[in-house]
Amino acid sequence: MIQITSDSTCDLGKYVEARGIGIMPLTVILGDVPHSDGVDIVPQDIFDYVERTGELPKTAAPSIGDYEDFFRPYVEEGKTVIHFSISAKASSACSYAQEAAKAFPGKVFVVDSKALSTGQGLLIMKAADLRDAGVSAEEIVEKVNVLRPYVNTSFVPDRLDYLYKGGRCSRMAFYGATLLKFHPLIEMRDGQLTADKKYRGGMVKCIEQYIDDLAVKYPKYEKTRCFITNSMADEAVVEAARKKVAEKFSFDEVLETVAGSVITGHCGRNTLGVLFIAEENE
C-alpha cells in the first residue's frame, strides 16, 4: 500500500481527508508560544497577532526526529510513504524529511515540490490519482518529478507588508507598492519566490488582469483541475477569479481552498492565486 503525506503547507483543506493524505504540521510561533499549523491555530489568529503586536509570527520546520516519528507508523503498517515537502529553497523542512527518510530505506520517498501552497497540492493530487490507478510508488515519484517544472505556482497579494516584514521583498518595493498602489505578481521559479510584473488598481481588477495573463502565458495546460487559493480574500475578489477562470480556461474541476497559517503568515490577508499544471508551451 502507498501512503501519500505532505507538510501542512499544501493548503489542500477538505481534500486532505477526501484523498487520504497524511499531514505533518509545521510550527507557527506567536511571540514565544508554538502552535501546530492546521491543528491549534487558524489564519485569523495570525491577523490578530500582527495587528496587536506589529510583528509577524515565526515559523519552524519539524525536526528530523519529528519526521521519523511521523513516518514510522505508516512503515510499520507495511505502507510505502511518498512525502511532499514545501520547496527546499523556502524551508529546511525538505532536507529534514529527506534525512529522516534514510531511517526507512526503500520505504519513504521525499519529493521536493519546488512549490508551496496548492502548487505543492497539485503534485499531491496527481500522486493520489496515480496511486488510485495502481501505479507503483517508484513510478509515481518519477512522474511527479517530471511534472514539477510545469506547475504554475503564482499569486497576487493585496499588500506587501507581510512579505516586507518577512524579508521577502525590499524596502523600496514595499514603499513603491504602497505609494503607487500596485500589486505585484509573485511566482515560484525553480523553487524560489520571485516578483514579476505589477498590476495597478483595485484587487478585483488586478485579479482579472492576472488571470488574463495566465491564459496568454499558458495556452496549453492540463485540464484535470486547478486551484483557486486565497488567504481570507474578499468574496468579490474570489468571485472575480471564479468568473475569469471559467471564461479563460476549461478545467474539469476548479477547486477552492483557503491558505493555512504558515502560508498566510507570509503573504497576508486578501492574497489570491490560480494554480494549475501547464503543459509544454513554446
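The values are calculated or read from the model by the stated rules, or taken from the named source; none is laboratory data. Note that the structure is a prediction, hence the values are computed from the model and not measured. Here Cβ is always computed from backbone atoms with ideal geometry, including for glycine, and neighbour counts include all displayed protein chains.
Restricting attention to the range 250-282, the residues that are outside any helix (DSSP H, G or I), among the small types (Gly, Ala, Ser) and buried (at least 21 other Cβ atoms within 10 Å of the Cβ) total 4.
Quick check on Ala115: is it in a helix (DSSP H, G or I) and not assigned by TED's automatic domain parsing to the domain that holds Ile263? Outline the logic, then answer.
Numbers: in a helix (DSSP H, G or I): no; not assigned by TED's automatic domain parsing to the domain that holds Ile263: yes.
Criteria not met by Ala115.
Can we say Ile228 is at pLDDT 90 or above and closer than 30 Å to Ala60 by Cβ?
Numbers: at pLDDT 90 or above: yes; closer than 30 Å to Ala60 by Cβ: yes.
Answer is yes for this residue.
Table: residues versus (1) modelled with pLDDT of 75 or more; (2) within 17 Å of Cys10 (Cα to Cα).
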site: Lys126; (1), (2): yes, yes
site: Leu130; (1), (2): yes, no
site: Asn152; (1), (2): yes, yes
site: Asp161; (1), (2): no, no
site: Tyr164; (1), (2): no, no
site: Phe182; (1), (2): no, no
site: Met188; (1), (2): yes, yes
site: Gly201; (1), (2): yes, no
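Working carefully through the options Glu208, Glu247, Glu222, find the one that is in contact with a Lys or Arg (Cβ under 7 Å, 6 or more places away or on another chain) and either buried (at least 17 other Cβ atoms within 10 Å of the Cβ) or more than 16 Å from Asn270 (Cβ to Cβ) (or both).
Numbers: Glu247 fails: in contact with a Lys or Arg (Cβ under 7 Å, 6 or more places away or on another chain); Glu222 fails: in contact with a Lys or Arg (Cβ under 7 Å, 6 or more places away or on another chain).
One residue alone meets the criteria, Glu208.
Screening Val108, Val135, Val141 for residues that are farther than 24 Å from Gly265 by Cβ, in contact (Cβ under 8 Å) with a residue 40 or more places away in the chain and aliphatic (A, V, I, L, M) leaves exactly one candidate, Val141. Say we look at the range 3-27 and pick out the residues that are in contact with a Gly (Cβ under 6 Å, 6 or more places away or on another chain) and assigned to a loop (DSSP other than H, G, I, E, B); which of these is nearest to Cys94 (Cα to Cα)? My answer is Pro25. Residues that are crowded, with 19+ Cβ neighbours inside 10 Å, of a type in the set (Gly, Ala, Ser) and assigned to a loop (DSSP other than H, G, I, E, B) do occur in the range 28-38, at least one of them.
If I filter the range 80-92 for residues that are within 21 Å of Leu272 (Cα to Cα) and among the polar types (S, T, N, Q), do I get at least one hit? Steps first, please.
Pass one, the range 80-92, residues within 21 Å of Leu272 (Cα to Cα): 86-87, 90.
With the extra rule that they be among the polar types (S, T, N, Q), the set shrinks to 87.
Scanning the range 80-92, I find at least one residue that is within 21 Å of Leu272 (Cα to Cα) and among the polar types (S, T, N, Q), so the answer is yes.
Give the residue, chosen from Ala215, Ala240, that is surrounded by fewer than 20 Cβ atoms within 10 Å (Cβ to Cβ) and either modelled with pLDDT of 95 or more or among the hydroxyl-bearing types (Ser, Thr, Tyr) (or both).
On the way: Ala240 fails: surrounded by fewer than 20 Cβ atoms within 10 Å (Cβ to Cβ).
Within the list Ala215, Ala240, the selection yields Ala215.
Considering (1) touching a helix residue (DSSP H, G or I) at 6+ places or on another chain (Cβ under 8 Å); (2) outside any helix (DSSP H, G or I), the lone condition that Lys89 does not fulfil carries the number (1).
Selection of the range 39-51 for residues being assigned to a helix (DSSP H, G or I) and touching a residue at least 40 places away in the same chain (Cβ under 8 Å) yields Pro43, Gln44, Asp45, Ile46, Phe47, Val50.
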